[in-house]
Structure formats: C-alpha cells, structure tokens
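Report on the structure given below.
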Amino acid sequence: MLVALAALVAVGGWLGYQAYGSLQIERQHGRFLDAGKEAAVKLTTISYTDADADVERILDSATGQFADDFRTRSQPFINMVKQVQSTTVGTVAQAGLESVDGDKARILVAVSVKATLGTGGEQPTHVWRMRIDVEKVGNQTKVSNVEFVA
C-alpha cells in the first residue's frame, strides 16, 4: 500500500511538473507572437507629424544588427516621411510562429497598411508579409531582424 501511494505521488508530481513546463512554453510562445505582431504594427504605423517618436519606438524595441542598420537609416527615412507628409497605419491581419529556438523566435506576419500622402491623398491599402525575428533581451523581447517576403 505504501509503495502504491509513493508511486501515485511520484506520478502526480511528474505530471504536475510536465504541465507547468508546458504552460511556461505556451506563455513564452505567446510573448514571442505578441512581440512580432507589435513590431509589425510599429514598423508600419508612422506619421509625418510624429516621425521622430515613431522611429524612436522602433529603435527601443530593436536589438543587434537590425537596430544598428535601422538607426543608421533612420534620419533619411524621417526626412522623407516629413517631406511627402506620409502617414501609414498598419493592422495585423494574420500572424503565426514559424519557429522557436530557446530565447529566439521567427514570426510570420501579414499586415494591412493604409497610407495617406499629404500631396496625393489616400493611397490603396496594401498587404505586406514580414518575417520578424525576435529574441529575449533581459526582461524584454526585441526585434533582431525583419525581412519582407512574397
């Protein structure tokens, strides 16, 4: 009887541990997916009236080579957005995890982007597909790469 009780406690403990581990993985995947969707919106929602702050938000959520490259290109981008008085608003249409490797993940995101130009008015809505790499940096999940896919 004592052996059966010990076995039951051991199995219960093991199942509890497995459930906890699965929950942690599910939460991490959710954080990665949320970070990818948020990055897609930040990258596609830029207003000429707030371009400096919009770019700073993107840089705050970026890391590594992507952050370095975006920082280098940010001022010419801001100047162009202000010059043409461009406002874009991105909305995530679909998103999913492509892969996860430890503290890194790759997210596929389809974003519907509506643009308005000061000189030409509202433009047709476009759908952009992006592959966004994210990674955990301290307590945050940051973007480490973005590529547009067909």
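Per the conditions (1) more than 12 Å from the chain's Cα centre (by Cα); (2) in contact (Cβ under 8 Å) with a residue 12 or more places away in the chain, the sole criterion not satisfied by Gly102 is (2).
With the condition kept exactly as written, say whether any residue in the stretch 30-40 is surrounded by fewer than 12 Cβ atoms within 10 Å (Cβ to Cβ) and either at pLDDT below 95 or closer than 19 Å to Gln140 by Cα (or both). Even if it seems obvious, please write down each step before you answer.
Kept after step one, since they are surrounded by fewer than 12 Cβ atoms within 10 Å (Cβ to Cβ), are these residues of the stretch 30-40: 30.
Those still in the list that are either at pLDDT below 95 or closer than 19 Å to Gln140 by Cα (or both) too: 30.
Within the stretch 30-40, one or more residues are surrounded by fewer than 12 Cβ atoms within 10 Å (Cβ to Cβ) and either at pLDDT below 95 or closer than 19 Å to Gln140 by Cα (or both).
Quick check, is Arg131 at pLDDT 95 or above and open to solvent by 70 Å² or more (accessible area, probe 1.4 Å)? So Arg131 fails the test.
Inclusion of Val92 among residues that are out of contact with any Pro (no Cβ under 7 Å at 6 or more places or on another chain), at pLDDT 95 or above and in a strand (DSSP E or B) is warranted.
From the set of residues in the stretch 43-54 that are in contact (Cβ under 8 Å) with a residue 40 or more places away in the chain and assigned to a helix (DSSP H, G or I), which is most open to solvent (accessible area, probe 1.4 Å)? Let's see the steps before the verdict.
First, pick out the residues of the stretch 43-54 that are in contact (Cβ under 8 Å) with a residue 40 or more places away in the chain: 43-48.
Okay, now just the ones that are also assigned to a helix (DSSP H, G or I), so 43-44.
Values: Leu43: 41, Thr44: 2 Å².
Here the residue is Leu43.
Considering Thr141, Thr116, which residue is in a strand (DSSP E or B), within 13 Å of Leu33 (Cβ to Cβ) and among the hydroxyl-bearing types (Ser, Thr, Tyr)? Talk me through it step by step, then tell me what you get.
Working: Thr116 fails: within 13 Å of Leu33 (Cβ to Cβ).
Thr141 is the lone residue from the list that is in a strand (DSSP E or B), within 13 Å of Leu33 (Cβ to Cβ) and among the hydroxyl-bearing types (Ser, Thr, Tyr).
Number of residues in the stretch 55-66 that are free of Cβ contacts under 8 Å to residues at least 24 places away in the same chain and surrounded by fewer than 19 Cβ atoms within 10 Å (Cβ to Cβ): the value is 4.
Yes or no, residue by residue, for (1) of a type outside the set (Val, Ile, Thr); (2) over 14 Å from His29 (Cβ atoms):
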| site | (1), (2) |
| --- | --- |
| Val89 | no, yes |
| Ala95 | yes, no |
| Asp103 | yes, no |
| Ile107 | no, no |
| Thr116 | no, yes |
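Please work out if Gly121 is without any contact (Cβ under 8 Å) to a residue 12 or more places away in the chain and open to solvent by less than 40 Å² (accessible area, probe 1.4 Å). Here the answer is yes, as Gly121 does meet what is asked. Counting only residues that are over 16 Å from Ala115 (Cα atoms) and either touching a Phe, Trp or Tyr at 6+ places or on another chain (Cβ under 9 Å) or loosely packed, with under 14 Cβ neighbours inside 10 Å (or both), the stretch 67-92 holds 9 of them.
The values are calculated or read from the model by the stated rules, or taken from the named source; none is laboratory data. The structure presented is a predicted model; accordingly, all values stated were derived computationally and were not measured. Neighbour counts run over all protein chains shown; Cβ positions are idealised from the backbone, glycine included. Each accessible area value is taken on the protein alone, full model and side chains, heavy atoms only, with ligands, DNA and RNA left out. Shrake-Rupley method; radii C 1.70, N 1.55, O 1.52, S 1.80 Å.
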